[in-house]
Each structure stands twice: as structure tokens, then as C-alpha cells.
Amino acid sequence: MYIPKHFEEPNVSVMQDLIRAQPLATLVTMGAGVLTANHIPLIFSPEPAPYGTLLGHVARANSIWKDLASGTEALALFHGPEAYISPSWYATKQESGKVVPTWNYAVVHAYGALRVMDDPAWVRAQLELLTTQSEATMPAPWAVTDAPAEYIEKLIHAIVGIEIVVTRLLGKWKVSQNQPPENRAGVIAGLETLNASEMAGLVKAAAEDSIQDPTLQN
């Protein structure tokens, strides 16, 4: 991933927070001589430090776990907030007109060897963890044990677990750091009119970091 220095997010905990908040990953693997992408929710576990582990499952019919070359590195992409940025929001548009549209986004790339976990007990534990986390905000949380036991057992044998011990994390937060303060203010105002509050918050946070650390200013 191309990451200009001013868009780099080096803080591991910040990247892990995005993974927790946006668990649906695009999982890219190499198998049978071709690249394959699957869209899989991956639960983050903090061990082992410093990068943690990603836990998930796929349908047994999915060839990803059979075609995977042993020890081959996998790449999980996690997408955070994103938004189109209009040049009409820039104060400098009125001064020079030298402005163009762009797209702001936050993304994390997690690398590590994918390990197949063809173990019903492991799969059940992963399903329960995924369900507990995903149902936490529901008014009446559903649990795996709410379904008939024989039904769950049948489903468990139709899926296979996967585990990635993360060896490398890359984070890119493209949130208008390369713009002067007056343009950032315009971007924040523009995003708020579109109810893009998450991205507006990231632009605000980056602006505050720039004020606290003068080396981040352009």
C-alpha cells in the first residue's frame, strides 16, 4: 500500500481499534496460482503481542482453506470511515482555484500466515465470541445456545475455522492532513452537512494532532 508519510498511522492501538470497530475484512490469499478475495468478519484477539490474532470461519465449501499454500502470507483489509471531499469546501478555492476533488478514508492492512482450524470445539468458541460481540448492543441479544443444539452442531460441521497471527500492520489515515487549517475547517463543515460525522471526527483529530506537534503541519 502506498502511504505518504503525512497519511501514515503508526499507532498500533489505533489500528487495532479500527479492526475491532469494523470487523468485516476483505481477506486476500494466494491459492492454486491465483489471488482470491473473500469477505469475512474477523474477530480481533490481543494475543500474542504486539499485533494480536484474527479469528474467523468460512464455509467448508469455500476452497480458500483447501487451496491455501502452507505458510503463505495472507492479507486482511479493514475499512474505516470514508467520504468524498469536494473542492468547493476549500477556502483556497476562492483564492486561486487550484483545488481538485479527493477521497478521504482510513484503512488497516493486517498481514500474517493463515492457519486452518478444522476443529468443531474451536469453531464453536469462535462463533460464540463473534455472536457475543456482534449482539452486544441489541436490546435482546441472541446467543448460539438459543438455537436447537442439533441444528448448531450440523452448521458447525459445515464450516471451517481460520486463524491469522498478525505479524505486520499498516495503517493509512487520509484525512486532509495535507491541507491548510482553513481548508480543513471547510472539509469538517462540509462533511457535517452530509452527516459524515465519523470522517469529520477523524479530520478534527488530525488537525488537533497537527497543532500539538508542529512537525505535522504543512
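We did not get these values from a lab; they are worked out from the coordinates using the rules stated. No experiment lies behind these values; they were computed from the predicted model shown. All Cβ positions, even for glycine, are placed from backbone atoms using ideal geometry, and neighbour counts span all protein chains on display.
Data for the structure
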{"quantity": "Sites residue 66 and residue 22 - FRET efficiency at Förster radius 30 Å, r taken between beta-carbons, to 0.05", "calculated": "0.60"}
{"quantity": "Fewest-first sequence of 116, 160, 99, 34 by Cβ atoms within 10 Å of each Cβ", "calculated": "34, 116, 99, 160"}
{"quantity": "Debye, to nearest 20: dipole size of the range 123-218, +1 on Lys, Arg Cβ, -1 on Asp, Glu Cβ", "calculated": "340"}
{"quantity": "Fluctuation leader among 194, 75, 27 - the chain, Gaussian network, Cα springs under 10 angstrom", "calculated": "194"}
{"quantity": "C-alpha long axis of helix 181-193 to longest principal axis of the chain, angle in °", "calculated": "50"}
{"quantity": "Simple Cβ-charge dipole of the chain, Lys/Arg +1 and Asp/Glu -1, about Cα centre, in debye nearest 20", "calculated": "560"}
{"quantity": "Separation of alpha-carbon centers, the range 60-90 and the range 117-135, rounded to whole Å", "calculated": "22"}
{"quantity": "Tilt relative to the chain, helix 12-21 - C-alpha long axis, 0 to 90 degrees, to 10", "calculated": "70"}
{"quantity": "Estimated dipole of the range 1-76 in Debye, rounded to 20 [Cβ of Lys and Arg +1, of Asp and Glu -1, Cα centre]", "calculated": "220"}
{"quantity": "Rounded to 10°, Cα long-axis angle of helix 120-135 versus longest principal axis of the chain", "calculated": "40"}
{"quantity": "Alpha-carbon Rg/Rh ratio, for the chain, with Rh computed the Kirkwood way", "calculated": "1.06"}
{"quantity": "Positive-end residue, the range 43-155 charge dipole about Cα centroid, Cβ charges, pick of 84, 131, 141", "calculated": "84"}
{"quantity": "Whole-angstrom Cα spans of the range 18-80 along principal axes, big to small", "calculated": "31, 21, 19"}
{"quantity": "Where only alpha carbons of the range 127-218 are counted, the Rg and the Dmax (Å)", "calculated": "21.9, 62"}
{"quantity": "Kirkwood Rh in Å, taken over all unlike Cα pairs in the range 72-146", "calculated": "17.2"}
{"quantity": "Highest-MSF residue in the chain out of 91, 206, 147 [GNM, Cα springs under 10 Å]", "calculated": "147"}
{"quantity": "Label-reachable residues, the range 168-193, where backbone N falls under 20 Å from a point 7 Å from residue 2's Cα toward its Cβ", "calculated": "170-179"}
